[in-house]
Each structure stands twice: as structure tokens, then as C-alpha cells.
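The block underneath contains the structure these notes are about, expressed in C-alpha cells.
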Amino acid sequence: MDIGIKDTQINEALHESLLQRDFLLQLRKADQKVLEHVANSASFIIYVEQIISSIQALFPSTLKPCVLWCDEELTQWRVMNYQDWPGLGDSLGSLPHVPQSLATFVASPSRSFARETNLVARADWSRWQDFLAEHFIDTCDMVSIQDDQKNWFTFCLFSPKFSSDYETQTHYWALEQVLHSIPQWIKAMVTRCQTDITLQQHTNEITGLLQPHAFAKALDMMLRDARRYFQRLAFVSVLVSEEAEEDELKLLSDILRETLRDNDLLANVSDHEFVMAMRISQLDDAPVVAEKVQSALLKADPSQISALSGGVKIGVALYPEQANHDKLYFASVAAANAVTESMGYRLEYYGKFVKDLDEAYGA
């Protein structure tokens with residue numbers, strides 16, 4: 001008898017594991033669809049519609065998603081998928097009333113998730129009662145995420161009351177996986193929207209330096225000329241060990257800009273990484289470039305740029321030894337990371353990291 005009970009328990013556990021595996025496979029397919037929309041830079045409305053569609057596909061008969069938008073002050077509310085929730089708001093989904101517990105949750109961003117149960121008995125959900133009763137809804141799970149304009153997207157996932165503990169456990173395990181995916185989906189699209197704005201800008205608002213994409217485009221033109229006219233280029237990576245504050249970043253950018261000639265290129269990849277590109281006449285010019293950058297940084301006042309106190313590494317790669325942008329960048333970063341002193345530089349030359357080319361030939 002005990003053996004039979006044990007076998008039953010094992011089979012049930014195996015069955016549950018298979019169900020969870022199948023659900024996670026379907027969730028990965030949902031990931032793929034929403035990420036395709038991110039890659040295609042879809043509008044936010046279309047993107048949210050895709051998320052709603054994906055959630056409904058994961059729970060075809062047991063979940064009713066309602067996505068609410070509200071402004072930063074929580075004064076204007078709208079149901080984004082208002083066609084699925086007739087009667088809650090006006091013809092465009094604007095909501096005159098929001099349950100107090102829902103508004104309180106959105107106003108408390110320290111809470112990542114919330115669950116409201118026994119909705120049919122909750123007074124603050126009274127204006128939703130007809131729809132909730134029609135779909136036998138008992139529980140609402142919520143997750144709220146801000147966009148880049150500080151507006152809120154709140155996903156309310158409504159569930160019915162289940163007839164067995166097993167159904168309840170299975171449903172809410174799957175629902176938890178989705179609840180943790182939604183913030184990542186929204187944040188990915190927010191980041192994409194911010195990137196689209198950046199791609200329309202030629203220079204960084206803080207530093208005045210080229211944006212990375214503008215730097216890449218200008219470097220491609222420089223490389224084309226170098227191939228045509230058999231020119232040499234030096235590509236420099238400057239790595240600061242600490243992220244610079246906004247005012248420090250501006251000062252650091254100004255220092256590096258002073259080392260440039262008219263046709264040289266300079267961009268900040270991040271708050272602690274800069275890239276430079278310049279034409280040089282011969283190989284011996286490469287250490288001269290590195291020393292010029294190093295000297296300028298050594299003259300900086302550490303009290304004004306505290307980020308320099310942790311050290312700066314400078315790496316130089318050369319064209320045509322490295323044939324394209326990606327190889328130049330990879331080699332220059334590797335050269336910078338080969339620096340062992342607090343402030344120093346290395347040249348990458350055929351896989352060696354050296355301070356001058358005599359050292360490369362003599363090694």
C-alpha cells in the first residue's frame with residue numbers, strides 16, 4: 001500500500017514538472033514575440049497590445065488582463081485594452097473611478113507586486129462588480145512599471161476562484177512567472193524608446209561629444225579614406241576606473257577634447273569610457289598620441305574630477321593592423337586592460353601590449 005501511494009506521488013510530481021516545463025516553453029515563445037516588437041521599434045500601444053495578446057494565449061480561459069495607464073500624479077486613468085472591458089470607462093477607456101487599493105498600490109512603487117482577493121465583497125471595487133461577476137472573477141494580481149515619461153503602466157491580471165487546491169496552485173505558479181516577466185518586457189521597450197531618441201541626436205547633451213552611433217559613422221568614413229589613400233589610424237580607448245558624475249564627466253570630456261586636432265574623433269561610450277580616433281603619419285606617432293592623452297589627464301585637478309583618483313587606463317590600436325571598427329575597439333580595450341599602473345597606456349601590436357614599438361620588436 002505504501003509503495004502504491006509513493007508511486008502515485010512520484011507520478012503526480014512528474015506530471016506537475018512536465019506541465020511547468022511546457023508552460024515555460026510557451027513563455028519563452030511570448031518572450032520572442034515581444035522582443036521582436038522591441039527590435040522593430042513598435043509603438044508603445046502596439047507593444048502593450050502584443051503583451052496582452054501573449055498573456056491571453058498563455059491563459060486562454062482562466063485569466064482576464066486589464067492594462068491601466070495613468071500619469072505621474074495618478075490623476076488621469078485609462079484602460080488601454082478598453083474593448084475587453086466595456087462599461088468601465090468612456091468610449092476611449094478613460095476611467096472616472098479607480099479602486100482605492102489599486103491606486104494605493106501604484107502610489108507605492110516600493111511594492112513590486114500586489115494581490116487583491118475576494119473582490120466581490122470589496123466596496124472599493126463596487127463599480128467593477130458587474131464585469132467581475134460576469135466572468136466569475138475573484139482575485140486581482142498587479143504589477144506596475146513606469147515609462148520614460150514617469151507615467152505608470154499597471155497590469156491587473158484577474159483570476160477566478162478555482163474548485164481545487166491543485167488548480168489554484170498550478171495557476172498561481174504560472175501567473176507568478178508572467179508577473180516577473182512583465183516588468184522586463186516593459187523596461188526593454190522603455191530602453192528602446194530612449195535609444196531611438198538618442199539615435200536622432202548627433203552629440204551628447206552633457207559632454208558635447210559625439211554619440212557612439214555618430215562616432216561609428218564618422219569612423220567608417222575615416223576608414224574608407226584610409227583604405228583609399230593608404231593612411232594609418234590610431235584608435236584609443238580611455239577607461240576610467242570609476243563612473244564620473246555629470247559635472248566631472250563634462251570636465252573630463254573637455255580635457256580629452258583639448259588633445260584633438262580638427263579632424264580627430266571623440267565620443268563617450270559610457271560615464272567611464274571614451275573612444276578616440278585620429279589619422280597618424282607613421283607607427284612612431286602612436287605612442288606620441290597615447291602620451292599626449294596621458295599628459296592631459298595627469299594635469300587634471302583630482303579635486304575637481306574625483307573619478308580619476310582610481311586610475312585611468314589608455315589603450316591604443318592601429319589601422320591597418322586591425323582592419324575594422326570592431327577589431328580596433330576590441331584591441332584598444334584589451335590594451336587598456338593590460339595597463340598595470342594607476343595611470344598608463346599600452347599599444348596593441350600584433351597581439352602584444354607594449355609602451356613603444358621597439359619593445360614589440362625586441363620581445
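Data for the structure
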| item | result |
| --- | --- |
| For segment 171-227 versus segment 95-118, the gap between their alpha-carbon centres in whole angstrom | 31 |
| FRET efficiency estimate (nearest 0.05) - Cβ-Cβ, residue 27 to residue 292, R0 41 angstrom | 0.15 |
| For residue 349, distant residues with modelled amide H under 5 Å away | 354 |
| Pairs from 29/161; 327/352; 33/161 whose Cα-Cα separation, in the structure shown, is over 23 Å | 29/161; 33/161 |
| Phi to ³J(HN,Hα) by Karplus 6.51 cos²θ - 1.76 cosθ + 1.60 over segment 139-149, Hz, x for Gly, Pro | 9, 10, 9, 10, 9, 10, 9, 8, 8, 6, 9 |
| Extent along principal axes [Cα atoms of the chain; Å; largest to smallest] | 81, 60, 43 |
| Cα-based reach from residue 150 at 21 Å (exclusive), listing lysines while leaving out same-chain residues under 8 positions away | 187 |
| FRET efficiency, 1/(1 + (r/R0)^6) with R0 22 Å, evaluated for residue 299 and residue 261 via beta carbons | 0.75 |
| Accessible surface, per residue, of the chain when the full set of protein chains is kept, probe 1.4 Å, Å² | 53 |
| Spatially proximal lysines relative to residue 355 (Cα-Cα < 16 Å; intrachain offsets below 8 disregarded) | 292, 313 |
| Mean residue ellipticity (222 nm) of the chain, computed from DSSP H runs ≥ 4 via -39,500 (n - 2.57), nearest 500 | -15000 deg cm²/dmol |
| The chain, accessible surface, carbon-and-sulfur percent (1.4 angstrom probe) | 51 |
| Vicinal HN-Hα couplings computed from phi for segment 339-350 (Karplus, 6.51 cos²θ - 1.76 cosθ + 1.60; Hz; Gly/Pro x) | 5, 9, 7, 5, 10, x, 9, 9, 9, 8, 9, 6 |
| Whole-Hz ³J(HN,Hα) from phi, Karplus 6.51 cos²θ - 1.76 cosθ + 1.60, for segment 91-102, glycine and proline x | 5, 10, x, 5, 9, x, 9, 10, x, 4, 5, 5 |
| In degrees, nearest ten, helix 44-58 long axis to first principal axis of the chain (Cα) | 50 |
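The values are calculated or read from the model by the stated rules, or taken from the named source; none is laboratory data. All values reported here derive from a predicted model rather than from experimental measurement. Don't worry about glycine lacking a Cβ; one is built from the backbone with ideal geometry, like all the others, and counts go over all protein chains shown. Keep in mind that these areas ignore ligands, DNA and RNA; they rest on the heavy atoms of the full protein, side chains included. Shrake-Rupley method; radii C 1.70, N 1.55, O 1.52, S 1.80 Å.
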